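Encoded as structure tokens, the structure appears first; notes follow it.
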Amino acid sequence: MEYEFPKAKEPIPSAGKNDLIVIAGGGGFIAGNLAAYFKAKGFTRIRAIDKKPLSEWYLVTPGVESLCLDLSEEPNCRRAVEGAFEVYSLAADMGGMGFIETHRIDCLRSILINTHLVEAAFRAGAKRYFYASSACAYNTDLQKDPKVRALKESDAYPAMAERGYGWEKLVSEMFCQEYWAERGMATFIARFHNVYGPYGTWIGGREKAPAAIARKVIEAKDKKTGKIDIWGDGSQTRSFMYIDDCLQGIDRITHCDELVATPINLGSSELIEINQLVTIAESIGGVKLERSYDLGAPKGVAGRNSDNSFIKQVLGWEPSTSFRDGLEKTYRWIEKQYADRKAGKRNVD
Ligand code: NAD
């Protein structure tokens with residue numbers, strides 16, 4: 001690890017079923033699913049916050065308090081965490097490569113969210129604070145080959161993160177670590193590797209590769225074009241984590257005292273080439289399409305995978321949903337969204 005922070009001397013309290021859990025970014029993909037996850041686990045007081053109007057939230061779970069607040073503003077952060085026992089920071093202006101390569105300023109401005117939220121959580125006396133970081137925080141020099149060596153936690157430094165989005169994540173991680181080191185609020189940091197699944201962005205420009213490819217296959221079938229366009233030459237590799245694994249991981253990491261102030265990979269270690277992703281999506285859709293490669297499109301680093309040695313060592317667990325199984329569920333969900341939209345119904349985008 002790059003820095004060693006002191007471990008907790010005493011057990012850190014965890015939220016009981018009637019303590020307040022606050023989830024920032026609750027109108028989005030992962031945080032929306034996280035609110036539903038905690039609700040299903042029996043937590044009775046969950047507050048989800050997002051700047052989007054409620055009508056645009058991907059998932060609204062009955063019984064979860066849903067607030068519309070812009071968390072880049074400090075007074076709103078104070079309001080958001082009033083009475084919080086645990087805080088989950090997942091609000092960010094983000095998207096797939098098409099977004100983060102062209103909206104670096106928007107991505108950098110997410111620093112305001114975590115800066116104000118972590119301070120507000122500290123002042124409110126929150127016991128555990130989770131921060132959603134990203135594999136984009138890793139040194140990009142190590143990701144120039146599609147047959148990449150999997151990234152381990154120490155690979156973030158010396159730093160050469162993804163411009164904009166990755167640097168914002170790295171600095172926010174540092175904030176979280178110092179709130180533990182200097183002020184004693186227990187913070188937990190996961191570096192997510194591409195998360196996908198139902199209730200995620202699938203259209204509009206912010207979607208990531210699995211949803212984008214699934215949608216393109218569905219569209220090609222519907223419009224009978226027989227063709228699919230692919231960003232880059234298709235040789236880029238990534239690992240993709242199914243949403244259920246991500247939720248489990250967030251819960252396990254946030255409640256592992258040994259991991260206080262210690263960034264950890266949360267991702268699948270199954271490396272998938274984009275061409276392979278297309279083949280899997282075609283087989284789920286029962287079609288074979290002619291591929292055309294857009295070499296000028298945003299494609300990000302050549303390769304990226306998650307080294308899961310550390311998470312297996314500390315938690316005895318790692319994300320394990322196979323990509324084929326996860327994509328099948330995601331494909332079926334997008335297919336339904338696509339059909340609903342075509343029929344004139346309003347749905348998630
Ligand atoms: P998402 O875009 O679906 O959700 C983020 C939510 O944050 C959105 O609903 C957005 O409206 C909200 N938000 C943005 N600015 C806000 C503000 N100022 N105040 C309040 N809400 C605001 O994204 P996601 O995929 O659910 O990602 C959640 C977190 O996980 C983010 O921090 C993201 O950077 C991180 N992450 C995601 C992935 C992934 O593959 N999805 C990978 C790495 C890291």
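Bear in mind that the values in this text are calculations on the coordinates, not laboratory data. Worth saying up front: this structure is predicted, and the values here are computed from it rather than measured. Cβ coordinates were reconstructed from backbone atoms using ideal geometry, including for glycine residues, and neighbour counts include every protein chain displayed.
Before moving on, here are some points about what is shown:
- Three-way shape call for the range 145-298 based on the alpha-carbon gyration tensor, with the a/c threshold at 1.5: prolate
- Computed from phi, the 3J(HN,Hα) profile of the range 255-269 under the Karplus parametrisation 6.51, -1.76, 1.60 (θ = phi - 60°) reads 10, 10, 4, 4, 8, 4, 6, 10, x, 9, 5, 10, x, 7, 9 Hz, with x in place of Gly and Pro.
- Descending by average beta-carbon neighbour count within 10 Å, the peptides 6-13, 260-267, 33-40 line up as 260-267, 33-40, 6-13, the highest first.
- Sequence-separation-based contact order of the range 132-218, relative, with Cα cut under 8 Å and 6+ spacing, percent: 30
- Across the chain, the fraction of Cα-Cα pairs farther apart than 39 Å, rounded to a whole number, is 11%.
- Highest-first packing order for the peptide set 145-157, 120-132 is 120-132, 145-157, based on the mean count of other beta carbon atoms within 10 Å.
- Value at 222 nm in deg cm²/dmol, rounded to 500, when DSSP H runs of n ≥ 4 in the chain each add -39,500 (n - 2.57): -11000 deg cm²/dmol
- The range 1-67 - charge dipole about Cα centre, Lys and Arg +1 at Cβ, Asp and Glu -1, debye rounded to 20: 240
- Taking one quarter of the surface of the convex hull spanned by the alpha-carbon atoms of the range 101-170 gives a direction-averaged projected area of 5.7 nm².
- Shape category assigned to the range 36-96 from the gyration tensor of Cα positions, a/c cut at 1.5: oblate
- In degrees, nearest ten, helix 243-254 long axis to first principal axis of the chain (Cα): 20
- The dipole here belongs to the range 252-330: it is taken about the Cα centre, uses +1 on the Cβ of Lys and Arg and -1 on the Cβ of Asp and Glu, and is about 120 debye.
- For the range 75-193, the square roots of the Cα gyration tensor eigenvalues, ordered a ≥ b ≥ c, give a/c of at least 1.5 with a/b greater than b/c, which places it in the prolate category.
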